[in-house]
1. Here are some residues: B:THR88, B:THR96. Which one is β-branched (Val, Ile, Thr), part of a helix (DSSP H, G or I), more than 16 Å from ligand 2 (Cβ to nearest atom) and within 11 Å of chain A (Cβ to nearest Cβ)?
2. Among the residues of region A:102-127, write down those that are among the β-branched types (Val, Ile, Thr), buried (at least 24 other Cβ atoms within 10 Å of the Cβ) and more than 10 Å from ligand 1 (Cβ to nearest atom).
3. Which number in (1) out of contact with any strand residue (DSSP E or B) (no Cβ under 7 Å at 6 or more places or on another chain); (2) free of Cβ contacts under 8 Å to residues at least 24 places away in the same chain; (3) of a type outside the set (Ser, Thr, Tyr) marks the one condition that A:LEU32 misses?
4. So the check is Cβ under 6 Å with 6+ separation or different chains; which pairs have a first residue in region B:183-198 that's assigned by TED's automatic domain parsing to the domain that holds B:MET221 and a second one that's open to solvent by 20 Å² or more (accessible area, probe 1.4 Å) and β-branched (Val, Ile, Thr)?
5. For region A:154-167, how many residues are open to solvent by 20 Å² or more (accessible area, probe 1.4 Å) and either on the phi > 0 side of the Ramachandran plot or more than 11 Å from ligand 1 (Cβ to nearest atom) (or both)?
6. Considering only region B:1-73, give the strands (runs of 3 or more DSSP E) lying wholly within it that have at least 1 residues that are open to solvent by 60 Å² or more (accessible area, probe 1.4 Å) and at pLDDT 95 or above.
7. Restricting to region B:99-129, give me the number of residues that are at the interface with another protein chain (Cβ under 8 Å from one of its Cβ atoms) and either of a type in the set (D, E, K, R) or not in a helix (DSSP H, G or I) (or both).
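The values are calculated or read from the model by the stated rules, or taken from the named source; none is laboratory data. Keep in mind that this is a model prediction, so the values were computed, not measured. Ideal geometry is used to build each Cβ from the backbone, glycine not excepted, and the neighbour counts take in all protein chains shown. Heavy atoms of the whole protein, side chains included, go into the accessibility calculation; ligands, DNA and RNA do not. Shrake-Rupley method; radii C 1.70, N 1.55, O 1.52, S 1.80 Å.
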Number of protein chains: 2
Amino acid sequence: MSLAMQQKIEIAADKPYPVYLGSSLEGLGEYLRHQFDDIEHILIVSHQVVADLYAQRLMKGLQDYRINLLIVPAGEEEKSLDRLSRLTAEALGHGTDRKSLVIALGGGVIGDLAGFFASIFMRGIRLIQVPTTLLAQVDSSIGGKVAVNHSAGKNILGAFYPPQAVWTDFSTLESLPWEEVENGLAESIKHALIADGDLFQFFENEQKPIKHRDCLIWSEMVTRSSLVKIRIVSQDEREQGIRALLNLGHSFGHAIETEMDYRGITHGQGVSVGIVAAAHLAFAKGLMTSAEVDRVIALLNSYGLLTKIKGLDSQNLLHKMQADKKNQGGRKILILPQGIGQALVTKECSDSEILAAWKQVLF
Amino acid sequence: MSLAMQQKIEIAADKPYPVYLGSSLEGLGEYLRHQFDDIEHILIVSHQVVADLYAQRLMKGLQDYRINLLIVPAGEEEKSLDRLSRLTAEALGHGTDRKSLVIALGGGVIGDLAGFFASIFMRGIRLIQVPTTLLAQVDSSIGGKVAVNHSAGKNILGAFYPPQAVWTDFSTLESLPWEEVENGLAESIKHALIADGDLFQFFENEQKPIKHRDCLIWSEMVTRSSLVKIRIVSQDEREQGIRALLNLGHSFGHAIETEMDYRGITHGQGVSVGIVAAAHLAFAKGLMTSAEVDRVIALLNSYGLLTKIKGLDSQNLLHKMQADKKNQGGRKILILPQGIGQALVTKECSDSEILAAWKQVLF
Ligand SMILES: NC(=O)c1ccc[n+]([C@@H]2O[C@H](COP(=O)([O-])OP(=O)(O)OC[C@H]3O[C@@H](n4cnc5c(N)ncnc54)[C@H](O)[C@@H]3O)[C@@H](O)[C@H]2O)c1
Ligand SMILES: NC(=O)c1ccc[n+]([C@@H]2O[C@H](COP(=O)([O-])OP(=O)(O)OC[C@H]3O[C@@H](n4cnc5c(N)ncnc54)[C@H](O)[C@@H]3O)[C@@H](O)[C@H]2O)c1
């Protein structure tokens, strides 16, 4: 199967929108001209490093439009109300109006921030997601979730805001630092674990070409992993049910990240340890064999992802899980794998069971 | 016709919702228990003065729920990202989660602020609007628009966020200062002018009982004026067309308010002068007779609303209109009355025509 060509996949949602996998940055302009006849002004929101690498290629196709490039400093801490406020001032300074279009060119931080901005600026203006990290391509650009953080909680203020389209150019991943690749791999492996056993095997079999960033294999990896997310959010746009499965590993991962104050641990590493904790818990609940747990650990390890973490206290971690915004009425909602390629949502884990799982990933 | 009884009117929208006109604060609890079986926690957002007057009556019906009352200082300047940020911290401190419900108990400031908060907190939690000013009852609580201001523009960040219901208790208007009544009257008269010639006559005929706050006449006034707004937003939730008519007088009014830095002029007075300017422009365009313009001026005057304003420069005001967020691609979009009881949207007014209209309301 040739994956070098562009594929269009429609996401079923209140307002359906297409994901273009394997498209080219240069081609976006033609797409916009073809789809929308009332766009005059475009705001591109990006990081400096991403703009330096890719803005020119993108703008090649956008010569018909009045363009402003808004640069946001890199870093999770920029996903804030403060930054939103500045973007608002800058956008107004550039004469942004209801007919303007926002292009989010970057990773998940840019996608979430610029996406949330687009969702509330003048009560919503049009948005195109152009994801440039592995995590953004397989995960954050798909599904319409946008948000900013608050000192009291991550992604606490946000919206479900479907973009006009997601425009994914695999070639932008070539410049991605390996650490960032890991963040995306953790989510991709999670996708495989919860919904696609074949993809899990693909990750097991193709370690070498994946690590060497073989172009065709990466196209396939991004495509197949994106398809998992697309399938899930198409069934449950608003996270009333099955979409919650995507949080596998995240309740544990967030607890680690907050306990460590987001220092010395990447999101991907946190999620990776979280996946392992969930797998141990699944084993304890009879949802997985120990051989399956071992496969999960081995796969994560083989990509350099953490499967245990040092120097943390299980009680503190348990306590941190209490603040998770997925919890309802005080009950901890957890996602557990069910073998390889399936998962389920459960409220039925006692604190002592959760503690036991924590202990398996601490040393 | 007895208007003392509760009327339920359904607003047609993507997600339809009911407006309960003439309901009682005490009755909301029963309604909630009846409608929703998964609410445990309620956040009431209000001003101190409103809470002192009405929170107890409201809470009488809410004894089954865990309630937190969040007090926001009064004033338009509190419709801000800063206040939103504080509400977020307070809400999290009180254990607010996705199943919590927000009740906005107050005027348009509370409705817009608490409504926007509810729309983005954890990507949206449930909301009930309980409007307590005339403006909020006939206008701002209906139609799902919520927003905060930014130093660079009013209502610049916001959403369309239909509440679960609008719960309107006419009796809360008894305590409203007259200046606040005027703000609501300006919008009510605007409703009559754009869409209900009979209501316009009602305002002409019932001046005395309206000024004396006759309870039955007020019920009728609020009901009929609300119905205009309900009818319009039901046809055009997202302001793609007819809903724009509700902005009659507002482009002019906003220009006055910003030119005066929101000091020494109420919103209602600004809108009132704006309505008159629009009427003059409509006359110049052959849309109104001079007798109709005179009726408009006489009616506004009779309720103590401004119809001319002193000490402002028409060029500056024209310039201020440029920043209106309803403008598109640099063209000024204006709403003009078409006789009494109809209105239209037009881009066809030249700057010199607009200037001439401004001059008619300046001295
Ligand atoms: N909306 C969702 O559904 C969703 C899902 C998962 C994660 N997220 C969010 O995504 C964010 C993380 O996203 P991320 O992992 O993409 O991080 P990121 O956006 O911070 O990007 C990581 C770094 O890589 C740089 N970069 C981006 N593209 C590059 C490229 N092509 N070449 C070189 N450098 C590049 C960025 O400038 C940045 O410094 C978090 O805020 C998380 O909450 C959102
Ligand atoms: N969302 C919309 O569609 C829409 C439409 C029009 C206006 N608005 C917004 O509404 C706001 C203005 O609303 P407003 O005119 O109601 O002003 P407001 O909310 O500031 O209320 C005016 C004052 O009256 C007090 N008050 C409220 N109810 C009272 C009562 N029953 N008795 C005594 N005092 C009471 C308030 O505490 C406040 O001090 C503006 O911010 C405007 O942008 C929104």
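1. Going through B:THR88, B:THR96 in turn, the sole match is B:THR88.
2. Those that are among the β-branched types (Val, Ile, Thr), buried (at least 24 other Cβ atoms within 10 Å of the Cβ) and more than 10 Å from ligand 1 (Cβ to nearest atom): A:VAL102, A:ILE103, A:ILE120.
3. (2)
4. Once the first residue is assigned by TED's automatic domain parsing to the domain that holds B:MET221 and sits in region B:183-198, its partners that are open to solvent by 20 Å² or more (accessible area, probe 1.4 Å) and β-branched (Val, Ile, Thr) give B:ASN183/B:THR266; B:GLY197/B:ILE340.
5. 3
6. It comes to B:7-11, B:66-71.
7. Of the residues in region B:99-129, 5 are at the interface with another protein chain (Cβ under 8 Å from one of its Cβ atoms) and either of a type in the set (D, E, K, R) or not in a helix (DSSP H, G or I) (or both).
To keep it simple, each residue is scored yes or no on (1) aromatic (Phe, Trp, Tyr); (2) within 19 Å of A:MET221 (Cα to Cα); (3) over 20 Å from the mean Cα position of the chain (by Cα).
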| site | (1), (2), (3) |
| --- | --- |
| A:ASP14 | no, no, yes |
| A:TYR20 | yes, yes, no |
| A:LEU43 | no, no, yes |
| A:HIS47 | no, no, no |
